[in-house]
1. For Y83, Y451, what ranking results if the residue with the fewest other Cβ atoms within 10 Å of its Cβ goes first?
2. So if R0 is 41 Å, what FRET efficiency would I188 and A76 give, r being the distance between their Cβ atoms, rounded to the nearest 0.05?
3. Relative contact order for the stretch 277-349 using alpha-carbon pairs under 8 Å, separation at least 6, rounded to a whole percent?
4. Could I have the simple spin-label model distance between K359 and V320, label points 7 Å from Cα toward Cβ, reported in nm to one decimal?
5. Give the separation of the Cα centroids, the stretch 279-358 to the stretch 129-148, in Å.
6. Tell me, R332, R399, R32, R23 in order of fewest to most beta-carbon neighbours within 10 Å?
7. Tally Lys/Arg at +1 and Asp/Glu at -1 over every other residue whose Cβ is under 11 Å from the Cβ of I446; what's the total?
8. When N is the residue count of the stretch 181-227, what does its C-alpha Rg come to as a fraction of 2.2 N^0.38 Å?
Amino acid sequence: MDVKNYIQENRERFLNELLELLRIPSVSADSRHKGDMAKTAEFLKSKLIEMGADNVEICPTAGHPILYGEKIIDPALPTVLVYGHYDVQPPDPLDLWESGPFEPVIKKTERHPDGAIFARGACDDKGQMYMHFKAFEYMMQNNALHCNVKFMIEGEEEVGSSNLGPFIIENKEKLKCDVILISDTSMIANDVPSITSGLRGLAYMEVEVTGPNRDLHSGTYGGAVANPINILCKLIASMHDENGHITVDGFYDEVLNLSAAEREAMNKAPFSLDEYKKALDINDVWGEKGYTTIERASTRPTLDLNGIWGGYTGEGAKTVLPSKAYAKISMRLVPNQNSDKISELFARHFEKIAPPSVKVKVTPHHGGEPVLTPTDGIEYRAAAKAYEATFGKEPIPARAGGSIPIVALFEEVLGVKTVLMGFGLDSDAIHSPNENFGIFNYFKGIETIPYFYQYFKELKS
Ligand code: BES
Ligand code: MN
Ligand code: MN
């Protein structure tokens with residue numbers, strides 16, 4: 001049976017299994033969900049076993065477990081390593097969800113006229129990860145598995161994957177493969193298929209600014225003692241100049257600039273600035289001068305506040321000159337920038353610009369390196385052929401603005417390249433309330449994946 005027919009026959013079940021997976025609140029950041037994390041791993045383990053995978057195991061880590069399973073049909077054949085994550089972002093703010101984040105519902109939307117599944121993790125990454133399970137089921141049931149396959153599904157992607165690095169290094173032999181296959185990114189539109197050709201890296205920092213040794217009366221001391229919140233705002237504001245360039249000393253030193261031809265090609269991708277603004281309800285975009293919105297959101301590095309706090313934020317007013325102010329700041333990095341180095345540059349810069357009236361402390365959180373997946377390798381070419389087979393048109397390479405911190409380490413340790421076959425849309429509201437994933441996208445992913453195995457084997461031999 002061909003894959004289209006197999007999907008047709010099993011449509012309801014494929015959907016219901018995903019809905020069941022989405023009902024488990026696998027929020028990695030929240031320790032109250034530790035049991036749900038284990039439950040999700042168990043659920044996926046039983047599915048892998050049911051479908052006929054071998055050596056299926058739940059590997060404990062210092063954090064949440066990693067699920068592993070494989071099907072080696074012939075050691076002489078190429079091996080595909082599928083990576084995905086079963087953890088999801090916290091669902092809050094809860095009151096902005098139109099239905100429960102862990103009570104999936106299917107609704108039609110403008111972008112998904114065939115319906116979309118609304119739930120936390122629907123697109124990022126349970127829905128996209130589970131496409132690989134169902135594609136595997138099809139290949140197993142129809143004698144159509146063209147490559148060996150290994151599944152490695154982690155539970156800590158949304159919190160920085162800190163236990164996955166050591167796992168990969170320790171299990172280098174077990175994870176040996178010819179390509180890493182990931183569906184955890186997006187494509188341009190359902191009628192404009194694209195393959196993600198790069199990811200940004202990340203350097204995440206926390207800063208603490210301390211003024212006086214205690215909260216002060218803002219009348220008695222105000223105007224005479226530095227207010228750490230005022231200072232923090234000023235320091236942060238100074239980190240972009242009037243052209244939207246980041247002022248951290250040395251920030252752009254290693255940035256690999258794109259050629260004029262590369263820039264021209266990427267800006268040819270279908271994109272409507274008006275629709276973009278309308279979808280976000282903004283009157284204008286903002287960003288680095290001299291670059292388009294597509295470039296700003298993918299090939300250029302950024303510096304953004306993720307949170308800022310301090311002082312009195314309760315009901316009514318309290319006249320206080322606070323002792324401390326804090327901020328969480330993330331920098332998205334582009335090829336050739338290095339997260340440790342940028343963290344270091346940031347810390348040095350922040351310490352340098354802080355006035356003597358305050359003390360500052362800079363603490364780096366997790367990071368990750370940027371990646372580029374070349375479009376001339378057989379991995380990418382096999383993926384492009386697979387999209388052509390199912391979408392009926394050639395996919396466009398498109399760089400993503402987001403990060404998957406483990407990918408660069410994967411490539412380094414395992415010595416292979418990655419293919420990022422993302423089937424979500426940027427409008428699927430990942431990390432936001434009302435996250436959703438198109439039914440079309442789910443089934444299109446399941447349909448496309450087996451072709452990748454087939455073409456990868458063909459191109460590899
Ligand atoms: N799936 C996303 C990354 C992504 C989204 C890449 C859209 C490209 C397009 C992933 O789950 C994610 O959210 N990554 C985090 C990394 C962080 C938690 C270390 C990110 O990009 O913020
Ligand atoms: Mn993800
Ligand atoms: Mn995510």
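1. Values: Y83 26, Y451 20.
Ordered by Cβ neighbours within 10 Å, fewest first: Y451, Y83.
2. Details: r = 37 Å, r/R0 = 0.91.
Efficiency computed from Cβ-Cβ geometry: 0.65.
3. On the way: 57 pairs, mean separation 19.5, N = 73.
Relative contact order of the stretch 277-349: 27 percent.
4. Each label point is offset 7 Å from its Cα along the Cβ direction, giving 2.0 nm.
5. Centre-to-centre distance over Cα atoms comes out at 43 Å.
6. Details: R332 23, R399 27, R32 8, R23 15.
Ranked by crowding around the Cβ, least crowded first: R32, R23, R332, R399.
7. Values: positive: K4, R11, K134, K444; negative: E137, E447.
Net of charged neighbours comes to +2.
8. On the way: Rg = 24.3 Å, N = 47, 2.2 N^0.38 = 9.5 Å.
After normalising by residue count via 2.2 N^0.38 Å, the value is 2.56.
Each reported figure results from applying straightforward, stated rules to the coordinates on display, with no laboratory input. Because the structure is predicted, anything quoted here is derived from the model rather than measured. All Cβ positions, glycine included, derive from the backbone under ideal geometry; neighbour counts span all protein chains shown.
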